[in-house]
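The values are calculated or read from the model by the stated rules, or taken from the named source; none is laboratory data. These numbers come from a predicted model, not from an experiment. All Cβ positions, even for glycine, are placed from backbone atoms using ideal geometry, and neighbour counts span all protein chains on display. What goes into the accessible areas is simple: the full protein's heavy atoms, side chains included, and nothing from ligands, DNA or RNA. Shrake-Rupley method; radii C 1.70, N 1.55, O 1.52, S 1.80 Å.
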Amino acid sequence: MSRVHRLVIGIFGRINSGKSTLMNLLTQQETSIVDAAPGTTADIKSAVMEIHALGPVRILDTAGLDEESSLGEKKRMKTLAALEEVDLVLLVIDPVQSFLSGNLDVEASVAALTRSLLKRLSVVFNIHADFPEQLAGSGATIEETIEYCRSVFPDRAGTRYTNLDLSEEDNSTELVEFIESSRPEDGEKVDLLPFVNGQSPVFLHIPLDEESPGGRLLRPQEMAMEYLLRLGVPIGLYRTDLKLARSGSNTISGQEQSKFSEFLDSIGSGTGIQLVLTDSQAIDIMSRWVSDEIALTTFSIMMINSTSGGNLPLFARGADELDQLKKGDKVLIVEACNHDRIAEDIGTVQIPGKLKKTCPGVIIDHSFGREFPTPEKLAEYKIVIHCGGCMISTQKLSARVSRLAEAGVPVTNYGIVLAWLEGPDILQRVLRPWR
Ligand SMILES: Nc1nc2c(ncn2[C@@H]2O[C@H](COP(=O)(O)OP(=O)(O)OP(=O)(O)O)[C@@H](O)[C@H]2O)c(=O)[nH]1
Ligand SMILES: [Mg+2]
């Protein structure tokens, strides 16, 4: 799993509009083949680089969207799938080519899809030196061809434009500046733990287990620590052995609980503990071991609130639908990253197992990584259960949320479901700090 958060920039447009020329101008090398033959770029070509104001980026050069062969259709599907994944859509238009063809279907469909995915569209008009000759017979000016193309972008306010001769190497700085200024807005940055303050410690419960990757902590755990350290809030860190804690022997589980309570008490001896933040899969244990006076929530809930831009109430409301689940209902579990799944994986083993016990006869499907169903497909589901989303951007999650809204399907989250499975009072308890 890549730990670098790379902004993904996709280059789209018609055949021969200059997409690969743009890719090469940007990367300053012959990354893609540029040729007069139509359909030169047959598949998606990817390059990574650093852009000063954007940090590490991945650039995707795609095949022209207007190729009319059967293979063209396959390329088109792949290109449109790529459009769903990128953070920034660069649409390259040769305005004279588009004007002379008399239709703007490609431009209009890229604009519509970009808008429906709530992404930023940036348009580069590729201006060739020989345009005046090409337009000689038509009576149109270059400016008029550009204005004609711009007529398909109804939301002009959010769309950015530039006119550049992409075959001119000297224009690379201007191109980079245009891309930098097109940077998708981060939106309101949401406080990770907005209710935490003051000097009393926050207690982080991290039960490393077989599923935990060696050599590092998970992103939400690191983020919480960094956030708290920056705030100057003291942190207590503890690992419970969950197997022992859940042991059928009262002696064994009691010993594990005593060790935990002793440490918790020692950390809170001065000012008390203001919050216990636990791995969501340990909520069964923590909700029993941490007394009611201490606020309790989970990393997964913290993460979904942050990634969704503070939209936790949406995911909390989704839990109402869990109470209605009955035999034959379909549930989709969505995990936004592709990690290797071991023994007691939360998304594929723990949640399905517990859910099937609580709601016998429900049908559970999965969706992993970048894939996310279309609204038509989503409509089959009674509810979608999404992971914390620590590896996707706020933009990507909000695109998913708007797709769910279009399909009319409620969405909830791993942490919320795991608390709900322990009972309505436990769910209320982990949501309480956020109210
Ligand atoms: N009219 C005109 N065409 C030019 C000029 N300079 C380059 N071109 C052509 O513009 C085309 C654009 O090349 P590419 O960057 O490969 O275009 P593309 O969008 O990647 O094309 P596909 O990969 O085939 O979809 C090439 O055929 C160049 O020969 C010019 O000054 N005038
Ligand atoms: Mg190309």
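Given a 1.4 Å probe and heavy atoms of the protein chains only, how would you sort T173, T162, largest accessible area at the top?
Largest accessible area first, the residues go T173, T162.
What is the set of long-range amide H partners of Y161 at a cut-off below 5 Å, with H atoms built 1.01 Å from backbone N?
Long-range HN contacts for Y161: V123.
In what sequence, largest accessible area first, do S253, S151 appear using a 1.4 Å probe?
S151, S253
Could you name the aspartates and glutamates whose alpha carbon sits less than 20 Å from that of K326, not counting residues in the same chain fewer than 8 places away?
Cα-Cα hits under 20 Å: D365, E380, E422.
Divide by every residue of the chain the summed helix terms, -39500 (n - 2.57) for each DSSP H run of at least 4, and state the resulting mean residue ellipticity at 222 nm, rounded to the nearest 500 deg cm²/dmol.
Dividing the helical sum by the residues of the chain leaves -11500 deg cm²/dmol.
Using a 1.4 angstrom probe with every protein chain in place, what is the largest-first accessible-area order of F368, F203?
Result of the area sort, largest leading: F368, F203.
Using a probe of 1.4 angstrom, how much of the accessible area of region 202-301 is carbon and sulfur, in percent?
Details: 2470 of 4720 Å².
Summing carbon and sulfur atoms, their accessible area is 52 percent of the total for region 202-301.
Whole-Hz ³J(HN,Hα) for each residue in region 264-279, computed from phi via Karplus 6.51 cos²θ - 1.76 cosθ + 1.60 with θ = phi - 60°, x for glycine and proline: what do you get?
Each residue of region 264-279 in turn: 4, 5, 5, 5, x, 4, x, 10, x, 9, 8, 6, 10, 10, 10, 4 Hz.
Give the percent of DSSP beta bridges with both residues in the chain that are antiparallel, rounded to the nearest 5.
Details: 7 of 52 bridges.
The antiparallel proportion sits near 15 percent.
Quantify, in whole percent, the carbon and sulfur part of the accessible surface of region 337-422 (1.4 Å probe; protein heavy atoms only).
Roughly 54 percent, rounded to a whole number.
Taking a probe of 1.4 Å, how large is the accessible area per residue of the chain, in Å²? Please report the intermediate quantities before stating the final value.
Numbers: 20080 Å² over 435 residues.
About 46 Å² of surface per residue is accessible.
Rounded to the nearest percent, how much of the accessible area of region 1-121 (1.4 Å probe, protein heavy atoms only) is carbon and sulfur?
So the carbon and sulfur contribution to the accessible surface is 54 percent.
Mind checking which aspartates and glutamates have their C-alpha under 15 Å from K74, skipping anything on the same chain fewer than 8 residues away?
D43, D66
Taking loop as defined by DSSP and a crowding limit of 15 other beta carbons within 10 Å, which GluC sites (Glu not before Pro) in region 297-366 fit?
E344
Just to confirm my numbers, what's the Cα centroid distance between region 159-174 and region 28-67 in Å?
Measuring centre to centre over Cα atoms gives 15 Å.
From the phi angles alone, apply the Karplus equation (6.51, -1.76, 1.60; θ = phi - 60°) to region 223-234 and give each ³J(HN,Hα) in whole Hz, x where the residue is Gly or Pro.
Karplus-based 3J(HN,Hα) across region 223-234 equals 5, 5, 5, 4, 4, 5, 4, 5, 6, x, 8, x Hz.
Say each of Q28 and S402 gets a label point 7 Å from the Cα, pointing the same way as Cα to Cβ; how far apart are those two points in nm?
3.5 nm
Averaged across orientations, what area in nm² does the convex hull of the alpha carbons in the chain project? Walk me through the numbers before you get to the answer.
Values: hull surface 96.2 nm².
If you wrap the Cα atoms of the chain in a convex hull and average its projections, you get 24.0 nm².
Between L237 and D292, what length comes free when the chain is fully extended (0.36 nm per residue of separation minus the Cα-Cα distance, one decimal in nm)?
17.8 nm
For region 89-146 and region 363-435, what is the separation of their Cα centres, given in Å?
39 Å
So for region 309-422, Kirkwood radius off the Cα pairs, Stokes-Einstein at 25 °C and 0.890 mPa s: how many µm² s⁻¹?
174 µm²/s
Need one word for region 7-181: rounded, prolate or oblate. Basis is the Cα gyration tensor (sqrt eigenvalues a ≥ b ≥ c); a/c below 1.5 gives rounded, then a/b vs b/c decides. Spell out each step's value before the answer.
Details: a/c = 1.29, a/b = 1.21, b/c = 1.07.
Rounded, because the longest to shortest axis ratio a/c is under 1.5.
Pull up the cross-link candidates among the lysines for K75, meaning alpha carbon to alpha carbon under 27 Å and not fewer than 8 places away within one chain.
In chain and number order, the partners are K19, K45, K119, K377, K396.
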